[in-house]
Amino acid sequence: MVSGMRRAPSHKSGNILPRTRPNAALYVFVILVLVSVSFLLISSSSFIVNFKDLGLSVFSGVRGGIYELSSFVSRTVLSVSELADLRKEYNELLKSLERYEELQRSNAEINQENIRLRQQLDFSKTLSYRRISAQISGRDPDNLYSAIVINKGAYSGVSNNMTVVAWQNGTQALVGKVIRTGVFESLVMPIFDANSQVSARFTVSRFEGIVEGQGNRDNPLLMRFIPKRAREEINIGDMIISSGMGGVFPAGINIGRVCGINLLEYETTLEVELEPVIDFSRLEYIFLIEAETDAAIHNSDAGLFDD
């Protein structure tokens, strides 16, 4: 091998293919066409109109959203305001309803009061005695469960030992008697007081006895000293009235009805239990009475009586 000599290429000149390259002129042509079409589109009125329509649509959508939002806020604020007004009106209606109910109760109470007063007035016309109407105003603080305070005194013609009666449930009944008289108030001892004694008799059999209290309005009255022979003629439910003996209480005033009979073997008399005609827990109005002859004397000494 001779040094320095170059080795000839093994490929023959007839088998070598030329390398293909992009045509630059074609690229330029395509680019120019695209640019021309773009300028043509931009310059055309139809593209401008479409662009305006697109902007108008977007603006309309935004404006519609803002309008809906503002409308929602306005409706919410208006609803809150209307709710506050409705609540205020509701409270005012509640107050009006309360006032109406109060007036209705007051009217009902006034009607009931008128009925009771009318009954008392009708009853007072039937009394054959001089009378003084009065109202219970309280209880004696020293004797809370017994003595009754009334709102009439010596100024109105009230005097000690005057008989006190009442009209209740269509029946006249004995309440007690005056035991202390002030100028404008008086104290009444009711028949259920432990110190009260009333001469009484049976309306049917006419047997007599003494009615005594037991110190409490919830306990029955006791009628004592009734002859044992009266046992066969005494029945539950018999009415007991005042007999007029002793001159303290007028005769014929209802006291109570027999609710029990006690017969003690070692006693010579018997006793009966009485349920008072008057319900003292509901007593409001009373009348103080005295006989016509005594009334005339008292009238000349103390002045005119109140009706």
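Readers should treat all values here as calculations from the given coordinates under stated rules, not as data from a laboratory. Every value quoted in this text rests on a predicted model; they were computed, and no experiment measured them. As a convention, Cβ positions derive from the backbone with ideal geometry for all residues, glycine included, and neighbour counts pool all protein chains shown.
Summary table below
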quantity	calculated
Taking MET245, MET189 and counting other C-beta atoms within 10 Å, the order from fewest to most	MET245, MET189
Residues SER81 and ASN216, FRET efficiency given R0 of 51 Å [Cβ-Cβ distance, rounded to 0.05]	0.20
Order of SER70, SER156 under a 10 Å beta carbon neighbour criterion, fewest first	SER70, SER156
Dipole in debye (nearest 20) - the stretch 130-302, about Cα centre, beta carbon charges: Lys, Arg +1; Asp, Glu -1	260 debye
Farthest toward positive dipole pole in the stretch 179-244 [+1 Lys/Arg, -1 Asp/Glu at C-beta], among VAL183, SER205, GLY244	SER205
Candidates per chymotrypsin sites (Phe, Trp or Tyr not before Pro) in the stretch 181-223, loop by DSSP, up to 15 other Cβ within 10 Å	PHE184
